[in-house]
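Let me begin by presenting the structure, written as structure tokens, before commenting on it.
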Amino acid sequence: MVLKKIILPIIVLSQFCCTSLWFVGNAVIGDLMSRFNLEPSALGNLTSAVQFGFILGTFLFAILTIADRFSPSKVFFVSAIIASFFNVFIVFGTHSLFSLVLLRFFTGFFLAGIYPVGMKIASDYFELGLGKSLGFLVGALVLGTAFPHLLQGFSGVINWEIMIYTTSVLSCLGGLLIFLFVPNGPYKKSMQKFDITLCYKIFKIQDFRKSAFGYFGHMWELYTFWTFVPLLIKGYANFHNNVALNIPLLSFAVIAIGSLGCIISGYLSQKIETKSVAITALTLSCICCLVSPLFFLLNSEIIFILFLMFWGMVVIADSPLFSTMVAQNVAPEHKGTALTIVNSIGFSITIVSIQLFNYLLNTTHVKFLFVLLALGPLGGLFAFFKYAKK
């Protein structure tokens with residue numbers, strides 16, 4: 001039997017391995033565009049395909065209450081293996097944008113059995129200190145998301161096919177680790193029967209609704225920031241007379257440092273009220289959106305990079321805490337479904353945000369675009385305090 005003290009590191013490692021599939025398409029987009037003659041808009045389309053697949057997957061997983069009726073460890077394992085296969089098919093044959101979108105869509109679909117289910121597994125093991133545990137878990141998601149950018153930074157040494165193979169192997173490894181070493185947790189409670197109305201019922205809980213809407217505002221900003229941060233860095237370099245910046249490695253650093261933000265916020269939630277830490281992080285990321293043009297105009301790449309690193313920390317720091325509040329405000333046997341439906345709606349919001357950015361790229365300078373991301377945090381803060389007063 002695996003000791004409980006190493007359960008969390010195993011879950012965290014598995015989450016990192018499997019979520020490396022998420023943004024690998026973005027990391028190799030330049031190679032895909034040249035190999036398959038794609039237009040620049042392919043970046044937004046392929047990113048949205050993963051998001052849309054994840055949205056549909058999480059919606060179906062939630063409606064069918066998969067994570068609450070079946071062993072979450074087995075769901076995680078099967079999803080990781082299937083997602084890895086759809087990912088690796090990118091390197092075989094000649095593809096059009098349509099076929100690539102389909103492959104990324106199905107990769108995203110089965111990521112629905114990884115990210116929220118991983119949080120469900122953690123919540124079945126850690127009732128006390130859940131915020132800290134999810135801080136590490138979401139931190140692993142952040143590193144997994146950033147990892148392909150790190151590989152791309154060494155593109156002169158590692159070709160794009162190797163990046164695809166590597167992330168697929170990592171996903172299989174992550175799924176296997178969960179299957180072999182993480183059985184059902186001691187606090188797991190299974191639903192006794194299927195209830196198709198469960199998603200509707202949990203949204204009637206006021207504290208759940210408050211946490212969910214805070215999460216939704218956070219999601220408007222998060223994935224669009226992650227998707228287009230390389231474009232922001234490139235725009236800065238071009239605007240300031242081609243400042244020499246390693247865009248892939250810097251993108252990796254800006255995204256990856258978010259894992260530190262998650263860990264810090266998780267530890268802070270042990271000392272300070274969870275909702276206070278979450279709201280502070282959401283407010284700080286909102287401020288970053290609003291002042292981003294000012295830092296873009298500064299003729300100091302060091303200050304600009306430090307600003308992006310800070311933004312990279314606070315943009316994700318609230319995520320594990322909103323998820324913690326979501327899990328804590330429903331019955332134990334409904335946690336998996338609650339986390340999954342909130343993920344589904346949250347990622348639906350990212351589609352709108354990413355596609356809006358994709359559309360505005362042709363008409364708006366990049367230095368002003370990121371101000372629009374403030375709409376999400378502002379809406380999340382408004383909804384959170386609105387429901388808090390009821």
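Residue by residue, region 267-275 carries 3J(HN,Hα) couplings of 5, 4, 5, 7, 9, 10, 4, 3, 5 Hz when phi is fed to the Karplus relation 6.51 cos²θ - 1.76 cosθ + 1.60 (θ = phi - 60°); x denotes Gly or Pro. Here residue 335 is the anchor, and the aspartates and glutamates within straight C-alpha reach of less than 15 Å, apart from those fewer than 8 places off in the same chain, are 68, 124, 127, 195, 207. Using just the helices of the chain, give the 222 nm mean residue ellipticity in deg cm²/dmol: DSSP H runs with n ≥ 4 each add -39,500 (n - 2.57), and the total is spread over all residues, rounded to 500. Result for the chain: -25000 deg cm²/dmol, rounded to the nearest 500. Each Lys and Arg Cβ is given +1 and each Asp and Glu Cβ -1; about its Cα centre, region 231-390 then shows a dipole of about 300 debye. 3J(HN,Hα) along region 349-357: 5, 5, 4, 4, 5, 5, 5, 4, 4 Hz, from the Karplus curve 6.51 cos²θ - 1.76 cosθ + 1.60 with θ = phi - 60°, whole Hz, x for Gly and Pro. Magnitude of the charge dipole for region 4-388, about its Cα centre and with charges confined to Cβ atoms of Lys, Arg (+1) and Asp, Glu (-1), is about 820 debye. Against the set (1) 20.0, 57; (2) 21.5, 69; (3) 19.7, 64, the structure's computed Rg and Dmax of the Cα atoms in Å falls on (3). Each residue of region 177-184 was assigned a 3J(HN,Hα) from its phi angle through the Karplus curve 6.51 cos²θ - 1.76 cosθ + 1.60 (θ = phi - 60°); the sequence is 4, 5, 4, 7, 10, 10, x, 4 Hz, with glycine and proline shown as x. Translational diffusion of region 8-93 was estimated from the Stokes-Einstein equation, with Rh taken as the Kirkwood radius over Cα pairs; at 37 °C and 0.692 mPa s the coefficient is 223 µm²/s. In the neighborhood of residue 61, defined by Cβ-to-Cβ distances under 11 Å, what is the net charge if each Lys or Arg adds +1 and each Asp or Glu adds -1? Surrounding charge for residue 61 is +1.
Once you sort the root eigenvalues of the Cα gyration tensor of region 293-366 as a ≥ b ≥ c, which label holds: rounded (a/c under 1.5), prolate (a/b larger than b/c) or oblate (the other case)? Let's see the in-between values first.
Values: a/c = 5.89, a/b = 1.81, b/c = 3.26.
It is oblate, given that a/c is not under 1.5 and a/b is not larger than b/c.
One way to sum up the overall shape of region 257-390 is the equivalent ellipsoid from its Cα gyration tensor, whose semi-axes run 29, 19, 13 Å, largest first.
Which value does Rg/Rh take for region 105-263 over its C-alpha atoms, Rh per Kirkwood? Provide the component values of the computation, followed by the final result.
On the way: Rg = 19.2 Å, Rh = 18.6 Å.
My calculation puts Rg/Rh at 1.03.
Measuring between alpha carbons in the structure, the pairs from 188/271; 74/386; 210/271 lying more than 31 angstrom apart are 74/386. If the segment from residue 368 to residue 96 were pulled out straight at 0.36 nm per residue, it would be longer than the present Cα-Cα gap by 94.7 nm.
A short reminder: the numbers here are calculations on the coordinates, not readings from a lab. Please read these numbers as outputs of a predicted model, since none were measured by experiment. For neighbour counting, all protein chains shown are included, and Cβ atoms are generated from backbone atoms with ideal geometry for every residue, glycine included.
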